[in-house]
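Take a look at the structure below.
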Amino acid sequence: MRPNEIIKEIDNLGLSEKLILVEDIWDSIARNNTELPMPEWQKSELDKRYRDYKSGKLKLHDWEGIHEELRNKYK
């Protein structure tokens, strides 16, 4: 099936069917790509942040606090 034919088929789906399709596509990507490529700079930054977290240098914030802060900032 060609891409334009697939798009036409997708356009005929209902919202819930489209959401299920998206979920199935993501699951397929995850199954078939166990190791996604990561640039070395990104890996280094993640390693640094993890070391900072483990050593207590990194100040963590809970989601509720951040959410409330953003809500108050943009009222």
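The values are calculated or read from the model by the stated rules, or taken from the named source; none is laboratory data. This structure is a prediction, so every number in the text was calculated from the model and none was measured. In this analysis, Cβ positions are derived from the backbone assuming ideal geometry, glycine residues included, and neighbour counts consider all displayed protein chains. What goes into the accessible areas is simple: the full protein's heavy atoms, side chains included, and nothing from ligands, DNA or RNA. Shrake-Rupley method; radii C 1.70, N 1.55, O 1.52, S 1.80 Å.
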(request) For the chain, compute the number of Lys pairs whose alpha carbons are separated by less than 25 Å, excluding pairs fewer than 8 positions apart on the same chain. (result) 7
(message) Quick check: pseudo-label points 7 Å beyond the Cα along Cα→Cβ at SER55 and GLU23, how many nm apart are they?
(response) 4.3 nm
(request) Kindly rank 63-70, 45-52 from highest to lowest mean number of other beta carbons found within 10 Å of each residue. (result) 45-52, 63-70
(request) State in Å² the accessible area per residue of the stretch 23-75; use a 1.4 Å probe, count heavy atoms of protein chains only, and round to the nearest integer. (result) 104 Å²
(message) If I compute solvent accessible area with a 1.4 Å probe over the protein chains, what percent of it on the chain is carbon and sulfur?
(response) 56 percent
(message) How large is the Rg to Rh ratio of the stretch 10-49 when both quantities use alpha carbon positions and Rh follows Kirkwood?
(response) 1.28
